[in-house]
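Read the figures in this text as sums done on the coordinates, not as results from a lab. Keep in mind that what you see is a predicted model, and the values were worked out from it rather than measured.
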Amino acid sequence: MNEGKKTVFGYMPDGVPVEEVLLTDGAISCGIITYGGALRSLTVPDRNGQPVDVALGFDTLEAYLAQDKYIGAIIGRYANRIGGSRFALDGKEYPLRSNDGANHLHGGPEGFDKQVWRIRAQTRNSVTLSLNSPDGQEGYPGTLDVTATYTLADRALEIVYQAKSSRTTLCNLTSHAYFNLSGHGSGSIESHQFRLSASRYTPADENLIPTGAIESVKGTPMDLRQLQPLGAREYDHNWVIDGWNSALVPAALAWSPDTGIYMETLTTLPGIQFYTGNFLDGCPEGKGGAAYGRHGAFCLETQYFPDSPNHSRFPSAVLQVGEIYESKTAYYFDTEFKTG
Ligand code: BGC
């Protein structure tokens with residue numbers, strides 16, 4: 001196998017090669033492609049020690065180029081939505097390109113998910129990708145130099161994001177990995193169980209733009225503080241992670257009763273978007289001919305809150321010139337639960 005080595009995955013329409021790096025650590029392995037810096041596969045053992053690929057992905061670059069679901073990609077410069085596709089910074093208004101009605105989603109029509117990243121460093125279990133986003137790209141001020149480092153270690157996939165800008169700007173980076181802990185092509189996640197370490201969430205309007213309020217989950221369907229089966233429910237909301245203090249804290253737990261695999265998400269960021277793949281219909285054929293449809297996977301996108309530049313009560317995603325942005329998210333895998 002091409003452990004820690006790169007292979008050519010495909011060629012962009014302009015001839016630029018897209019590479020794939022395969023990382024391994026113990027019984028876990030994953031594939032990362034330079035198109036969108038995307039996680040293409042993530043194989044972990046089930047309760048019987050059998051390998052299960054729990055990440056959605058495609059066999060060809062053409063399928064990546066054809067889809068609009070952000071499958072596996074790194075999202076930037078601003079994860080999730082900015083209402084009205086505009087924000088103000090230091091008294092100046094910045095219009096952004098719209099791609100979700102009148103709103104701006106996941107960094108715009110040519111966000112970081114559509115860019116070919118560079119491989120800066122790689123080892124058997126780690127790869128650092130970089131991207132240079134020019135001043136004005138999609139409407140954002142400042143040239144942003146970004147790195148994303150994927151590392152497999154101690155049963156976890158960890159992603160560290162770093163960025164620096166030539167002018168004060170916004171920076172909110174996440175992974176749009178889609179997971180199905182029963183296997184990427186196994187259909188609905190309704191039997192999965194979920195828990196979110198969040199007593200509050202940010203209510204949103206019908207276009208998923210936050211109202212600006214921060215409300216308690218108590219007595220609402222947003223209360224996922226106890227592990228519970230998803231069933232027929234669907235979610236696409238941002239929760240406020242309890243105990244956010246910029247250190248790595250547990251944010252979410254997902255578990256498949258079929259394989260026994262559970263995934264714990266830990267992050268240094270204040271929010272998490274729990275998205276149950278509500279818009280997956282129309283997805284191109286997945287790896288090995290898998291069908292990916294509505295509720296066929298979930299995302300747990302760690303983030304600053306959606307539309308934060310337009311809500312002064314939300315933690316700020318402003319990156320000052322000269323400052324280094326850094327965040328870390330880890331997905332830890334095991335089977336069943338340790339007591340307690
Ligand atoms: C958003 C969804 C959006 C999806 C795109 C998620 O992060 O919360 O509303 O449709 O990304 O695939």
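So what is the calculated 222 nm ellipticity per residue for the chain, using -39500 (n - 2.57) for each DSSP H run with n of 4 or more, over all residues, to the nearest 500 deg cm²/dmol?
-500 deg cm²/dmol
Would you kindly calculate the mean projected area, averaged across all directions, of the convex hull enclosing the Cα atoms of the range 122-252, in square nanometres? Let's see the in-between values first.
Details: hull surface 44.5 nm².
Mean shadow area of the hull around the Cα atoms is 11.1 nm².
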Using a Gaussian network model on the chain with a 10 Å cutoff between Cα atoms, which of V54, V16, V160 fluctuates the most? V16
Can you list the residues, at least 5 places off or on another chain, whose amide H is less than 5 Å from the amide H of Y35, using H built in the peptide plane? E19, W117
Name the lysines eligible as straight-distance cross-link partners of K287: C-alpha to C-alpha under 20 Å, and not fewer than 8 places from it in the same chain. K6, K69, K114
Which residue, D90, D281, D100, has the most motion in a Gaussian network model of the chain that connects Cα atoms within less than 10 Å? D90
Karplus-derived HN-Hα couplings along the range 211-225 (A = 6.51, B = -1.76, C = 1.60, θ = phi - 60°), whole Hz, x at Gly and Pro: 6, x, 7, 10, 10, 6, 7, 3, x, 10, x, 7, 7, 10, 6
